[in-house]
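In what follows, a structure is listed as structure tokens, so that the remarks can point back to it.
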Amino acid sequence: MTYLSGQRDSVRTASGAASARREPVLLALFATLFVTLIGLSGSDTEGIPNSDDLLRLVEVRDLLAGQSWFDLTQYRLGLDGGTVMHWSRLVDAPIAGIVMIVTAMTGDAALGEAVAKILWPAITLLFAMAALMSACGRTGNAAWRLPVAVIGAVALWTTGAFGPGALDHHNIQIALALWLLALLLPGERAVAAHAWAGLVAVAMIAIGMEVLPYVALAGVAVALGFVFGAVSPAAARAFGLSVAASAAAIFVATVAPANWTGNACDAYSSFHLVAASAGGLGLAAVSFMRGTMLRLAGIGLLGAAVAGLVAVFFPHCLANPLAGLDPRLKTFWLEGVVETRSLADLWAADPFALFGFYGMAVCALVVSVISALRGKPLPRGQAVVFTAFLAMGIAVTAWQQRGFTFAAAFAVLPLGFWIGRMRENMPEGRSIPATLGLAGAWAVSLNLVWWIAGAQAAALFSAGPTLQQQVASASPRDYCYTSDLYAPLAGEPEGVVLGATDIGASVLLYTGHRAVAGPYHRNIAGNLLLIDAMLAAPQEARSMLRAHGVTLIADCLNGADGFDFIAAAPNGFQAALRGGSVPDWLEAVPSTVGEPLVIYRVLP
């Protein structure tokens, strides 16, 4: 009888362990399915209203068509010779893999692309949710996986980075940033976690430079944690060696040997290899030091050495990469990019959007700061890490509003743990104030609530529709994002198209033409040709276009570029196109007259 009872206890224990292992997997899967289905139910079945997503698909097509892995030139963007892009094949490859597999199975490349538009965002979302679930387990907060999963699913959904069609690198960068945070939290298997964190940090930089503040913060956090005893020497050493090894491996895997001596600052290059290798190996060496003051001195010398190395060999990388842009590009392109608005710009143009962009992250920061000072409701070690990442996320958002996607992601864990602690400390018979407090905590932890609050405030107090409302009510077709508008253009003999920067990626995706302009900072010459031609008198514009072989004009009637050109040059070429005085050296394609996108042939 005792044997049978023990056997039953073993079965129950094994069953409970299996259930505990299944729980995080199921929560991550359910969250991914929820966000994906919500996205599919509200998405346009036609296209992707985002230039970066469109151009990513163009790059994938080029890769599958045989363009070299190391060749990042977009030959159909800009002037003759194309534009070398600053994006990474590390994102092209998995998307291309999905397209290739589905195409091989079905024989339908269009279906392969359609599947990739859904599957890639879902995979990156699942990867992000896995980071959140892993963080719960590592930190001893496995019991709070459900609130973390709910808050995480809502937060990541509202960023817009994981919806169907999101092929740009923002979703994988958010997922990697969550893994970086999860691996650096105090918890189990610290040495292995810090080794993986080093790889994640380098991968983030290799994919895109917008995550540089968070990667730099990770390095500082590990270094200072080692100095003051929060990070063990073995863990700091593992992080440093991993950074150095990963930097070299990814460099060899993604940079052509002919470019090994190149030192671009906006794409992974020798600059990043040297800085990461020096910093990583230096940290590994310092990790053998003992004593707080000696360690602090060692880290200080290491920081000075790396900074000096960069200042001597890569001084150009210390400047703002966009600071040297031609003033015309700043006026007619960069200043109109909504996602780069600062806190001051947002306050002046759409103050009620501050609720959605900042509300959730600020609440998480308050909880984290209080916990760092008092040691509750979150453990002090976790709270310090949360505070650092949230402060950086909010600071980046204040500089450029697109940083809110990372700030919201960093807010998930502290808010989920906070709600978990509140539930844990509640007595069985909850009082009304305790119940209302928990409900309030849930409300401020859901980013959707903040966006709704901002929308309601705008409806009550705004004199007219806000920019957010205008964007939400806009039709992709009105702004020339749907493929049907490009069918007449695709039917024209292959040539060179002059059109607004916002439609450049659409021209590349839906036609075989070369697009002169596109919203990419490396396409300087092409974008300047667009600006100069549209501001010039029609006959002067004709000479410019003829010199660069332009054969077609694509005028998106609702594009912001056009209105800016008309305001700046009422007698210019763009004004002539919109004012009914089309020059006689142009011929409108009849089927496009009256459509949002009007196509003109440049006559010989």
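Using only the alpha-carbon atoms, how far is helix 109-138 inclined from the longest principal axis of the chain? Give it as 0 to 90 degrees, nearest 10.
Relative to the chain, helix 109-138 is tipped by roughly 30 degrees.
In the chain, what percent of the accessible surface is made up of carbon and sulfur (1.4 Å probe, ligands and nucleic acids excluded)?
67
Relative to the longest principal axis of the C-alpha atoms of the chain, give the angle of the C-alpha long axis of helix 432-445, reported between 0 and 90° and rounded to the nearest 10°.
That works out to roughly 40 degrees.
In nm, what is the difference between 0.36 nm times the number of residues separating Ser342 and Arg328 and their Cα-Cα distance?
Using 0.36 nm per residue and subtracting the Cα-Cα distance, I get 3.0 nm.
Nearest 5 percent is fine: what portion of the DSSP beta bridges confined to the chain is antiparallel?
60
Along the three principal axes, how long is the chain when you take its alpha carbons, biggest first, rounded to the nearest angstrom?
Sorted largest first, the three principal extents are 96, 58, 52 Å.
Using 0.36 nm per residue, how much length does the chain from Leu373 to Asp80 gain when fully extended, once their Cα-Cα distance is taken away?
Extra length from Leu373 to Asp80 when fully extended: 99.5 nm.
Out of residues 5 or more away from Val84 or on other chains, whose amide H comes under 5 Å of its own, with H placed 1.01 Å from N in the peptide plane?
Hits under the 5 Å cutoff: Gln74.
At q = 0.15, 0.22 Å⁻¹, what log₁₀ I(q)/I(0) does the stretch 506-594 have when each alpha carbon counts as one equal point scatterer in the Debye sum?
For the stretch 506-594, the Cα-only Debye profile gives -0.57, -1.32.
Nearest 10 degrees is fine. How inclined is helix 233-254 to the longest principal axis of the chain, computing both from alpha carbons?
That helix lies at roughly 20 degrees to the long axis.
Among all stretches of the chain without exposed trypsin sites (Lys or Arg not before Pro) (DSSP loop, at most 13 other Cβ atoms within 10 Å), which one is longest?
1-188
The values are calculated or read from the model by the stated rules, or taken from the named source; none is laboratory data. This structure is a prediction, so every number in the text was calculated from the model and none was measured. So basically every Cβ, Gly included, is an ideal-geometry build from the backbone, and we count neighbours across all protein chains shown. All accessible areas refer to the heavy atoms of the entire protein, side chains included, with ligands and DNA or RNA removed. Shrake-Rupley method; radii C 1.70, N 1.55, O 1.52, S 1.80 Å.
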